[in-house]
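The values are calculated or read from the model by the stated rules, or taken from the named source; none is laboratory data. Remember, it's a predicted structure, so these values are computed and weren't measured experimentally. Reconstructed Cβ throughout: ideal geometry from the backbone, glycine too, with neighbour counts over all protein chains shown.
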Amino acid sequence: MVLFYSDEINPRIEYIGKLIFSNILQTEIAFTQNSNEFRKSDLPKINYSYEKFGDEFYIKPHKLIFQKALINPTINPVWYEGQKYFCESSKDSDLPFDPFAASFFLVSRHEEYVNTQRDKLGRFPFQQSILSKYQLLQKPVVNIWAKLLAQLLKAKYPSFEYTESKFEFISTIDVDNAYAYQNKNFLRTTGAWVKALLKGNCKEFRKRRRVLRRKEADPFDTYDYLDSVFSGNEDKAKFFFLLGDYGRFDKNIAHTNRDYRELIKKTALKYDVGIHPSFGSSKKKGKKKVRLEKQRLEEIIGKSISKSRQHYLRLKFPKTYNRLIKAGIEEDYTLGYSGQTGFRAGICTPYCFYDLKHETVTNLKIVPFQVMDGTLRYYLQLSPEKAFEEIKKIMQEVKNVGGTFVSIWHNETVNNQDNWEGYREVFEKMNKLGFEWANK
């Protein structure tokens, strides 16, 4: 156990203290505001106040941790061992930066509450993040700081014990559009025929005709292939199905379609499945849609579900998470960037969502992801060889701190066709390596 002292134990301090020690380091933490109790204690201890007592482990708090109003705090860069960090402490502190305030700033996504910059789809751009500006986006800094704290405490207090966590691997598949040509209604199919003809795209026209005549497999029907990749490791794979109503950004198969429903049922027999809340559900009038889409999935598979990932990674703090909580979602896998790989919240350990607007901890577990297929292929425009190098680099960072590596792929991106030629091998190599490391 470690004893943590502060003049004021507020919800922020308690939250981030438990996240670092209980969640990441897997050791106990006790809090006290009694300075006499703290001084007399023989436990490994941290003084997190504006007054240093003696030779205890000491960190002067950054004012962010006591901030009442939801405003943009003043954050200055701090250099430590050749790296630029933030949230300065003091010269007499055991670290020149405050890892508790800095970690809280990241995992609470404080910057996304106060920074109004958004891309054309309403998403927070990675370029606006402090981790991107400080070239730290590719590092799970919260986990690294937790490990640093543990090592410093161990050096000062040899009796201090903590657990080295084990690397975990989760491979996830988003099913935005279950089939490319099959199971579309008459209007959509006819419109696609006409569009291909008008554009003179004879190859696409012929391919669609062969698929609809059952002479060729639908290019998005990669489910048997996915089964072969996940064979023996089904517990490490998850599928998220889009069941929203048809719209500009929700061009999925109808949730009433028989073949689509059978596909979902079959998948749910082998894998953990979750809802992929539609683009429409994240709009102002979409409050009830998350619950409706979740109910559709539950009706199809005949059991309740508790996991989700937002379509197009649309995430607004705290509104999106509060909607999910009200709909009965317990785990969300949306936290990450579409435009860059890495660690959006600086962490690779699942953790509970802290609602900054109400200054309260919720029971919604956030499971961050680090890599997405579209990021590698479209945003970064990497060759298959470079894409795997990028994945392996990020996966190694996660392994170094015993975190959870999560990737996003789609059923259509593993078909080895057109723009995705060569990426099937990337997918296979990523899963092979991930399963190997996780099963050690």
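Picking from LEU364, LEU433, LEU382, which residue would you name as being surrounded by fewer than 23 Cβ atoms within 10 Å (Cβ to Cβ), in the same structural domain as GLU331 (by TED's automatic domain parsing) and under 20 Å from LEU226 (Cα atoms)? Outline the logic, then answer.
On the way: LEU364 fails: under 20 Å from LEU226 (Cα atoms); LEU382 fails: under 20 Å from LEU226 (Cα atoms).
Checking each option against the conditions leaves just LEU433.
Can VAL211 be described as buried (at least 16 other Cβ atoms within 10 Å of the Cβ), out of contact with any helix residue (DSSP H, G or I) (no Cβ under 9 Å at 6 or more places or on another chain) and not hydroxyl-bearing (Ser, Thr, Tyr)?
So VAL211 passes the test.
Scan the range 325-341 for residues that are among the charged types (D, E, K, R) and part of a loop (DSSP other than H, G, I, E, B) and report the count.
Here is the first cut: in the range 325-341, the residues among the charged types (D, E, K, R) are 326, 330-332.
After this cut, where a residue has to be part of a loop (DSSP other than H, G, I, E, B) as well, the list is 330.
Residues flagged as among the charged types (D, E, K, R) and part of a loop (DSSP other than H, G, I, E, B) within the range 325-341 amount to 1.
Would you confirm whether or not the range 234-257 contains a residue that is in contact with a Pro (Cβ under 8 Å, 6 or more places away or on another chain) and crowded, with 18+ Cβ neighbours inside 10 Å?
yes
Pull out all pairs, ordered by first then second residue, where Cβ-Cβ is under 7 Å, the residues are six or more apart or on different chains, the first lies in the range 240-269 and is farther than 18 Å from THR222 by Cα, and the second is of a type in the set (Lys, Arg).
Partner pairs satisfying both residue conditions: LEU243/ARG296; GLY244/LYS289; HIS255/ARG296.
Could you go through the range 14-29 and let me know if any residue there is crowded, with 20+ Cβ neighbours inside 10 Å, closer than 30 Å to THR320 by Cβ and acidic (Asp, Glu).
Taking every residue of the range 14-29 in turn, none turns out to be crowded, with 20+ Cβ neighbours inside 10 Å, closer than 30 Å to THR320 by Cβ and acidic (Asp, Glu).
What residue, among those in the range 95-113 that are touching a Phe, Trp or Tyr at 6+ places or on another chain (Cβ under 8 Å) and of a type in the set (Gly, Ala, Ser), is surrounded by the fewest Cβ atoms within 10 Å (Cβ to Cβ)?
SER108
Within the range 224-261, count every residue that is part of a helix (DSSP H, G or I) and touching a strand residue (DSSP E or B) at 6+ places or on another chain (Cβ under 9 Å).
Restricting attention to the range 224-261, the residues satisfying the condition of being part of a helix (DSSP H, G or I) are 224-230, 234-236, 258-261.
In the following step, the residues that additionally are touching a strand residue (DSSP E or B) at 6+ places or on another chain (Cβ under 9 Å) were identified as 226, 229-230, 234-236, 260.
The number of residues fulfilling the criteria is 7.
Examine the range 129-145 for a residue that is without any contact (Cβ under 8 Å) to a residue 12 or more places away in the chain and either touching a helix residue (DSSP H, G or I) at 6+ places or on another chain (Cβ under 9 Å) or under 14 Å from PHE343 (Cβ atoms) (or both), and state whether such a residue exists. Steps first, please.
Filtering the range 129-145 down to residues without any contact (Cβ under 8 Å) to a residue 12 or more places away in the chain leaves 133.
Next, from what is left, pick out any that are either touching a helix residue (DSSP H, G or I) at 6+ places or on another chain (Cβ under 9 Å) or under 14 Å from PHE343 (Cβ atoms) (or both): 133.
For the range 129-145, residues without any contact (Cβ under 8 Å) to a residue 12 or more places away in the chain and either touching a helix residue (DSSP H, G or I) at 6+ places or on another chain (Cβ under 9 Å) or under 14 Å from PHE343 (Cβ atoms) (or both): present.
Of all residues in the range 367-379, how many are farther than 16 Å from THR334 by Cβ and surrounded by 16 or more Cβ atoms within 10 Å (Cβ to Cβ)?
Residues of the range 367-379 farther than 16 Å from THR334 by Cβ: 376-379.
Remaining after also requiring surrounded by 16 or more Cβ atoms within 10 Å (Cβ to Cβ): 376-377.
The total comes to 2.
What pairs come out if I take residues in the range 375-386 that are under 12 Å from GLU421 (Cα atoms) and in contact (Cβ under 8 Å) with a residue 40 or more places away in the chain and pair them with residues that are surrounded by fewer than 15 Cβ atoms within 10 Å (Cβ to Cβ) and among the polar types (S, T, N, Q) whose C-beta lies under 7 Å away, six or more apart or interchain?
Once the first residue is under 12 Å from GLU421 (Cα atoms) and in contact (Cβ under 8 Å) with a residue 40 or more places away in the chain and sits in the range 375-386, its partners that are surrounded by fewer than 15 Cβ atoms within 10 Å (Cβ to Cβ) and among the polar types (S, T, N, Q) give ARG377/ASN419.
For the range 5-17: of the residues being among the aliphatic types (A, V, I, L, M) and part of a helix (DSSP H, G or I), which is nearest to the chain's Cα centre (by Cα)? Don't jump to the end; show me each part of the working.
At the first step, the residues of the range 5-17 found to be among the aliphatic types (A, V, I, L, M) are 9, 13, 16.
Then drop every residue that is not part of a helix (DSSP H, G or I), which leaves 13, 16.
On the way: ILE13: 23, ILE16: 18 Å.
Within the range 5-17, the match that is nearest to the chain's Cα centre (by Cα) is ILE16.
A quick yes/no check of all residues on (1) at pLDDT 95 or above; (2) closer than 23 Å to GLY336 by Cα; (3) of a type in the set (S, T, N, Q):
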| residue | (1), (2), (3) |
| --- | --- |
| GLY191 | no, no, no |
| ASP218 | no, no, no |
| LYS238 | yes, yes, no |
| GLU262 | yes, no, no |
| TYR271 | yes, yes, no |
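Here's the yes/no breakdown for (1) hydroxyl-bearing (Ser, Thr, Tyr); (2) in a strand (DSSP E or B); (3) in contact (Cβ under 8 Å) with a residue 60 or more places away in the chain:
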residue: ARG323; (1), (2), (3): no, no, no
residue: PHE343; (1), (2), (3): no, no, yes
residue: CYS348; (1), (2), (3): no, no, yes
residue: VAL361; (1), (2), (3): no, yes, yes
residue: PHE405; (1), (2), (3): no, yes, yes
residue: TRP409; (1), (2), (3): no, yes, yes
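Starting from the range 57-71, keep only residues that are of a type outside the set (D, E, K, R), then list their pairs with residues that are at pLDDT below 95 whose Cβ atoms are within a distance under 6 Å, requiring at least 6 positions of separation or different chains.
LEU64/PRO73
When the residues of the range 258-293 are filtered to those that are under 18 Å from ILE329 (Cα atoms) and among the polar types (S, T, N, Q), which remaining residue is surrounded by the fewest Cβ atoms within 10 Å (Cβ to Cβ)?
Taking the candidates together, the pick is SER282.
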